[in-house]
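I have placed the structure first, in the form of structure tokens, so that the comments after it can refer back to it.
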Amino acid sequence: MRSPNYALALAFAEAGWSNSDVARRVNALAVKRGHTGVAVGRSRVSRWIRHGEKPRPPVPELLADLLTAHLHRPHTPDLLGIGPTRSVLIVLKPNEHRTLAERAEAANMTVEHYAWALLQLALRSAAP
């Protein structure tokens, strides 16, 4: 089982949308844009959040566009944790991994999610 998608859950909570609201909005925008094969239900939205499942295209872009319009700031599939998966292998010394694991536990996060959050923070602060 994958980790929950906290970024997506937080964005929906900030928007004030239930899983049913999300499904209804995605389906309506899909129809408006001519995507006839999109049929999202509330249980599917729940799996995106609770199990970290990733929606198939064009849904990631639709979600990002809906949240961008509603919250008045840019959202992307990558920022929502539903973009294309890319893996990075980082080799740590045992003491570095131990420190990372301790800090992740203190933050009530998995080591993977904590490392991802640190990397995102570093990339944002290094951006021109």
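Yes or no: the range 80-100 includes at least one residue that is assigned to a helix (DSSP H, G or I) and either among the aliphatic types (A, V, I, L, M) or touching a helix residue (DSSP H, G or I) at 6+ places or on another chain (Cβ under 6 Å) (or both). First the steps, then the outcome.
Applying the first criterion (assigned to a helix (DSSP H, G or I)) to the range 80-100 yields 94-100.
Within this subset, residues satisfying the condition of being either among the aliphatic types (A, V, I, L, M) or touching a helix residue (DSSP H, G or I) at 6+ places or on another chain (Cβ under 6 Å) (or both) are 100.
There is at least one residue in the range 80-100 that is assigned to a helix (DSSP H, G or I) and either among the aliphatic types (A, V, I, L, M) or touching a helix residue (DSSP H, G or I) at 6+ places or on another chain (Cβ under 6 Å) (or both).
Only one of these is acidic (Asp, Glu) and either in the same structural domain as residue 18 (by TED's automatic domain parsing) or in contact with a Ser or Thr (Cβ under 9 Å, 6 or more places away or on another chain) (or both): 102, 112. Name it.
Exactly one of 102, 112 is acidic (Asp, Glu) and either in the same structural domain as residue 18 (by TED's automatic domain parsing) or in contact with a Ser or Thr (Cβ under 9 Å, 6 or more places away or on another chain) (or both), namely 112.
Could you please give the count of residues in the range 22-72 that are surrounded by 18 or more Cβ atoms within 10 Å (Cβ to Cβ), closer than 22 Å to residue 3 by Cα and charged (D, E, K, R)?
Going through the range 22-72 one residue at a time, the tally reaches 1.
Would you be able to say whether some residue in the range 102-120 is out of contact with any Cys (no Cβ under 6 Å at 6 or more places or on another chain), polar (S, T, N, Q) and closer than 24 Å to residue 36 by Cα?
Of all residues in the range 102-120, those out of contact with any Cys (no Cβ under 6 Å at 6 or more places or on another chain) come to 102-120.
Those left that are additionally polar (S, T, N, Q): 108, 110, 120.
Still in the running and closer than 24 Å to residue 36 by Cα: none.
No, the conditions are met nowhere in the range 102-120.
Check residue 53 against each of (1) at pLDDT 95 or above; (2) touching a helix residue (DSSP H, G or I) at 6+ places or on another chain (Cβ under 8 Å); (3) not polar (S, T, N, Q) and name the one condition it does not meet.
(1)
Of a type in the set (Val, Ile, Thr), in contact with a Leu (Cβ under 9 Å, 6 or more places away or on another chain) and touching a residue at least 40 places away in the same chain (Cβ under 8 Å): which single residue out of 26, 38 fits that description?
Within the list 26, 38, the selection yields 26.
Inside the range 84-102, can you point out the residues that are modelled with pLDDT of 90 or more and surrounded by 10 or more Cβ atoms within 10 Å (Cβ to Cβ)?
Within the range 84-102, 96, 97, 98, 99, 100, 101, 102 meet the criteria.
Please find, among 37, 52, the residue that is among the small types (Gly, Ala, Ser) and closer than 26 Å to residue 16 by Cβ.
From the options 37, 52, the qualifying one is 52.
Tell me whether the range 39-59 contains one or more residues that are more than 21 Å from residue 112 (Cβ to Cβ) and touching a Pro at 6+ places or on another chain (Cβ under 7 Å).
no
Take the range 24-60 and flag every residue that is of a type in the set (A, V, I, L, M) and under 16 Å from the mean Cα position of the chain (by Cα).
So in the range 24-60, the residues of a type in the set (A, V, I, L, M) come out as 26, 28-31, 38-40, 45, 49, 59.
Selection gives 26, 45, 49, 59.
So in the range 103-128, with the set limited to residues that are modelled with pLDDT of 85 or more and outside any helix (DSSP H, G or I), which one is nearest to residue 52 (Cα to Cα)?
Going through the qualifying residues, I end up with 108.
The values are calculated or read from the model by the stated rules, or taken from the named source; none is laboratory data. Because the structure is predicted, anything quoted here is derived from the model rather than measured. We place every Cβ from the backbone using ideal geometry, glycine too, and count neighbours over all the protein chains shown.
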